[in-house]
Amino acid sequence: MKTTFVSTSAMQNAVRLAIQRAQSEVTDRQQEVVTNRYADVGLALGSKSTRSISLNREVARIDAVLDTNALVGQRLSSSQVVLGQLSESAQQMLDTLITLSDGENASLVKVAQQTINGALGNFSALANTSNSGEFLFAGVNTDVRPMNDYFAPSSPAKAAFDNLFQSRFGFSQNDPQTETISAADLTNFLDTDVKQMFEGPAWNLNWSSASDTNLTNRINGSEVIQSSTNANNAGFRQFAMAAVVGSELIGGNWNSQARAALSDAVISMAGSAITSVDEQRAELGVAEMRVTKANVSLRTQKDIVAVYIGELEGVDPYEAATRMNTLLTQMEASYSLTARIQQMSLLNFL
């Protein structure tokens, strides 16, 4: 008769390995109970893992677009607030000019000029508004300050206007000889020389460093929008023209006909500025609405994909919990068996 030798060390190692495997599986079951998802998706799904990867990649893509849309929405909202302030400033300027019915009243003229100067100073500050380190109205040149300050020392816009007036009439706008300028000559000056100062190359040379190209963003799989506006648009140029003409000329020594023509011209400019700025606000509002609708659609898509992922990767939490409890019971039994094996000794039988 042949017997096989089995040492207590071999039995202990066998039990120890079983406990290690059980501990690893308990950890996996605990993770599944908490996440309701396979601890090792690749092992559980096998060849279906590629589908899981594709679905999770789609969720990551949707999350990235939603994050971008949040920044786009913030930019659009901030831009509309600033344009609203610009429109209000133009309206205050317009109201002041309309109230200035008596152009010979020096105190009213002074108040009007102060109001217009304040609007012109505020214009540069609003046009240079930044959000999250990017200038809102610089177009794609988001890191470039878009608007020069008219009242800054050595302002190219101020110098250009002074030169225009001097070249046209032979004296400055502050000279008492302005009384000799007829309404027709002043109107012609505003409609030709001054208007050209706020258009094309002259505007970009003296006023704006903004790009004509606005930012664009893809807000869902197939929709791309313009997500900004720029300081080269008509609203900014018309506001600047109305404010500069009012600031420079409203306090001049004009005859009654020329003063009336000047007031009518500045009122018309301010009205056009309000209309153009409000059109810009409306365009940005439409873009913001499209972003909101795109976000609703993206979240719906994400929820649908999440359902498929849950069906593919999900585990039954009750089954996982039962399996974990069974493993814990087995481990307790293994611990008890290990303790009894360690107590085994030949000395106990001698």
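The values are calculated or read from the model by the stated rules, or taken from the named source; none is laboratory data. What you are looking at is a predicted structure, and each value in this text was computed from that prediction instead of being measured. A quick note on method: Cβ atoms are made from the backbone with ideal geometry, for glycine too, and the neighbour counts reach across all protein chains shown. Keep in mind that these areas ignore ligands, DNA and RNA; they rest on the heavy atoms of the full protein, side chains included. Shrake-Rupley method; radii C 1.70, N 1.55, O 1.52, S 1.80 Å.
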Quiz item: When the accessible area of region 249-299 is computed with all protein chains present and a 1.4 Å probe, what percentage of it is carbon and sulfur?
Solution: 53 percent
Quiz prompt | Label zone at Y308 (point 7 Å along Cα-to-Cβ), backbone N below 20 Å, region 45-89 | solution = 45-66
Practice problem: Could you rank R145, R61, R259 by how accessible they are, 1.4 Å probe, largest area first? | Solution: R145, R61, R259
Quiz item: Can you give the FRET efficiency for S132 and E179, using 1/(1 + (r/R0)^6), R0 = 56 Å, r = Cβ-Cβ distance, to the nearest 0.05?
Solution: 0.60
Exercise. Can you pull the one-decimal nm distance between simple spin-label points at N188 and N253, each 7 Å off the Cα toward Cβ?
Key: 2.3 nm
Quiz item: Dividing the Cα convex hull volume of region 166-260 by residue count, how many Å³ per residue is that?
Solution: 112 Å³
Exercise. Return the long-range amide H neighbours of S211 (sequence gap of 5 or more, or a different chain), with a cut-off of under 5 Å between placed amide H atoms.
Key: G139, V140, N141
Quiz item: To the nearest 10 square angstrom, what accessible area does M289 show with a 1.4 Å probe?
Solution: 100 Å²
Quiz item: Taking the Cα centre of region 153-237 as the origin, how large is its charge dipole in debye, to the nearest 20, when only Lys and Arg (+1) and Asp and Glu (-1) carry charge on their Cβ atoms?
Solution: 320 debye
Practice problem: Obtain the nm distance between the two label points defined at L71 and K195 by a simple spin-label model: each point lies 7 Å from its Cα along the Cα-to-C-beta direction. | Solution: 4.2 nm
